[in-house]
Structures are given as C-alpha cells and as structure tokens.
Amino acid sequence: MQASPRTLFILKMTLMVIVMVLLFVLDTVTSYEVAAAVFYAVVILTAARMLGRRALIGLAAVSIAMTGLSLAFTPHGNLQSGLINMGISMAAIITTTYLILKMEAARAAAQAAQAQLLRLARIQSLEGLTTSIAHEVNQPLAAIVTSGHACQRWLAQDPPNLDKARLALDRILSDAGRASQIIARVHSLARGQPPQRGEFPFNEAILEVLALSGAEMARQGIELSTELAPGLPAAFADRVQIQQVTGNLVLNAIEAMAGVAEPERRLHISTELRAHEIVLSVQDSGPGVAAGVQEHLFDAFWTTKKDGIGVGLSISRTIIEANGGRIWAEPGLGRGAVFRFSIPPTSQEQRP
C-alpha cells in the first residue's frame with residue numbers, strides 16, 4: 001500500500017529534524033576545530049523542494065541559531081578556531097539559502113515567460129480554429145432566431161397559444177446559455193491568468209476542449225472517438241493550463257493527419273487512472289514519429305513543421321511538470337503517434 005503524500009512529507013520532515021539534532025550534538029561534543037555545522041547547508045539544500053520560501057528562510061534561521069548555541073556549549077578546543085568555523089558555517093548556510101531562493105525565483109519567472117510564449121506561439125493555430133468556433137456559436141444563435149420567430153407566431157394567434165410560446169422561450173434560454181458557455185470556454189482558454197491549481201473534473205475539462213475543435217475536425221473529415229474512464233477522481237492542477245496543453249496536443253494531431261486520406265483520419269482520446277495518476281492519451285492516425293525524432297520532440301525550438309517554431313511541446317512539458325505531472329510520446333499501434341500526459345488526482349490532504 002502506497003503512503004499518502006502527507007505521510008511521506010511528515011516522514012521526510014521527521015528525518016530532517018533528526019539529522020539536524022545529530023548535527024547539533026556532533027558539533028557540540030567535538031572540539032572548536034571541527035566545523036560540523038557547515039552540513040546544515042546540505043540539510044537546507046535537501047529541504048528546498050519540500051518547503052516554501054518562508055519555511056526555508058525559517059529553517060536557515062534555526063540552523064544559524066543552532067550553530068551559535070553549539071559554539072556556546074562546546075567544552076574544549078581553540079576558541080578562535082571555533083569562531084572562524086562558526087563564521088564559515090553561517091556563511092555557508094546563508095549563501096546556500098540565498099542561492100536556492102534566487103534559483104526558485106528565476107524558475108518561476110522562466111515558467112511565466114514560457115507560458116506567455118506558448119500563448120503567442122499558438123495564435124496561428126487558434127486562427128485556424130476561428131471558423132470552427134464561429135460555427136459553434138452560430139448554431140445556438142440560429143436556433144434562438146428560429147425559436148424567436150416561432151414564439152412570435154404562437155403569440156400572434158387568436159387566441160395566443162401560450163403553451164407553445166412558453167416552450168419556444170425555454171428553447172431560447174437554453175440556446176442562449178449554450179452560446180454563453182462556448183464563449184466562456186474560448187475566453188478561459190485565451191486569457192493569460194497566473195497558475196491556479198485546484199480541484200476540477202478532468203473528463204469535463206477535456207470535453208470542453210474537444211467541443212472547441214469538433215467542427216474543425218468535422219471539416220477536415222477526422223473521425224473522433226473518445227474513451228473517458230468513468231469515476232475518475234477529481235484532478236488537482238491548473239484547469240486552464242491543462243486545457244491549453246490538451247488543445248495543443250489535439251491541434252498537433254489534426255495537423256499531423258493533414259497528409260492522410262480523409263477516410264483514414266482518426267483521432268482517439270482516452271482517459272484513465274494509472275498508478276495514482278490521471279492519464280490523458282491523444283492518438284492520431286498520421287505518419288507517426290520518425291526514428292531519431294522522438295528524443296527531440298520536447299526540446300525547445302526543435303520542430304519538424306515547415307512553419308513551426310518548436311516551442312509548443314517544450315512549454316507543454318514545462319506546464320505539465322509544474323502541475324506535478326509528466327508528458328511523453330509513444331508510437332501508435334499500427335500507425336500514428338500517441339501523446340500522453342499525467343497529472344495528480346486530488347488527495348484527501350489537498351481538499352479544503
């Protein structure tokens with residue numbers, strides 16, 4: 001039985017406390033000339049991935065305080081050497097903490113810049129979906145006009161047929177809501193909001209992305225099939241970012257099948273729960289990934305497309321990894337390629 005993330009975190013923190021206590025004891029019982037306190041920097045470096053900015057600064061402050069107390073309690077040795085070693089240890093602790101904080105800040109800035117670059121890089125592909133989106137919005141709008149004319153006719157009768165008119169109004173409200181949902185989905189996918197990890201139904205989010213590209217797939221003669229696992233636990237990630245990655249993979253699959261005869265254009269989308277991860281698979285019937293290409297697929301600025309700039313898959317990997325998941329590609333069964341990514345489900349500890 002696999003331990004929960006909270007249990008693993010508690011175990012790691014307990015081990016870290018034990019190590020710090022052992023370092024304190026070792027630094028105290030040995031002479032001034034032994035600088036065991038310098039190893040607090042190793043503890044801080046190890047804890048960097050588990051702790052946030054404030055907690056890491058707090059850990060550094062505790063390490064510095066323990067270094068000073070150890071000097072005060074050390075019973076023997078050359079005091080001058082002890083003061084020098086204490087200064088070296090404190091400098092190592094402060095320097096390590098500072099460098100870790102700077103690296104984390106730089107990584108966050110790089111991820112934000114990459115996300116912005118992804119939005120810019122996908123503008124050309126989104127332009128190709130304009131017809132699809134307009135078609136989807138026009139469908140409920142046309143239905144609203146038809147129902148409105150019908151309502152006018154029912155009300156113009158003598159006496160007015162209020163039951164039929166009420167049904168027409170109900171259809172108008174339903175179609176207006178459908179149009180509003182389509183616009184809201186496009187808006188949420190297009191806007192560049194900062195990452196907001198939270199709980200959301202994974203299959204529902206995937207269906208929203210497919211709804212945006214459904215008409216485009218129909219226009220290109222692509223047969224879409226889905227196999228969404230029922231009963232999936234809620235996902236814990238940034239919903240909009242996960243939809244952006246999904247949209248990128250779907251668009252790549254559509255483009256990959258451009259040179260395939262229409263009857264052979266098939267796209268299969270599936271979800272599953274695999275080893276405590278929610279996994280999405282996007283499988284196309286295109287030419288597949290050539291030998292020697294797969295290892296470069298997620299490299300920045302590397303592409304096989306004539307007009308591509310090679311950032312879509314690279315930034316998709318950055319987004320997925322920032323949300324606690326992973327992304328990879330596999331050869332398709334028979335032909336085509338399969339792109340998969342995984343994200344963590346909502347655990348009991350993450351729920352409010």
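The values are calculated or read from the model by the stated rules, or taken from the named source; none is laboratory data. Computed from a predicted model, the values in this text were never measured in an experiment. So basically every Cβ, Gly included, is an ideal-geometry build from the backbone, and we count neighbours across all protein chains shown. Surface areas here come from the heavy atoms of the whole protein model, side chains and all, with no ligands, DNA or RNA. Shrake-Rupley method; radii C 1.70, N 1.55, O 1.52, S 1.80 Å.
Per-residue extension of 0.36 nm, minus the Cα-Cα distance of Arg274 and Glu204, leaves a gain of 23.4 nm for this segment. Charge dipole of the stretch 1-113 (Cα centre as origin; +1 on each Lys and Arg Cβ, -1 on each Asp and Glu Cβ, all else neutral): 540 debye, rounded to the nearest 20. Each residue, Glu255 and Ala108, gets one label point 7 Å from its Cα in the Cβ direction; the gap between the two is 3.2 nm. Fully extending the segment from Ala211 to Asn161, taken as 0.36 nm per residue of separation minus the present Cα-Cα distance, adds 14.4 nm. With the simple model of a label 7 Å out from the Cα in the direction of the Cβ, Leu141 to Leu79 spans 8.6 nm. Among the chymotrypsin sites (Phe, Trp or Tyr not before Pro) in the stretch 1-53, none is located in a DSSP loop while being surrounded by at most 10 other Cβ atoms within 10 Å of its own Cβ. Between Leu173 and Gln196, the contour length at 0.36 nm per residue exceeds the Cα-Cα span by 5.1 nm. Per residue, the stretch 20-86 exposes an accessible area of 56 Å² to a 1.4 Å probe, with every protein chain left in place. Applying the criteria of a DSSP loop state and at most 13 other Cβ atoms within 10 Å to the trypsin sites (Lys or Arg not before Pro) of the stretch 1-87 yields Arg49. The simple Förster model, with R0 at 41 Å and r as the Cβ-Cβ distance, assigns Thr226 and Met50 a FRET efficiency of 0.60. A protection proxy built from the mean count of other Cβ atoms within 10 Å ranks the segments 65-76, 203-214, most packed first, as 203-214, 65-76. At a 1.4 Å probe, what is the % contribution of carbon and sulfur to the accessible area of the stretch 1-103? Here carbon and sulfur together make up 74 percent of the probe-accessible area.
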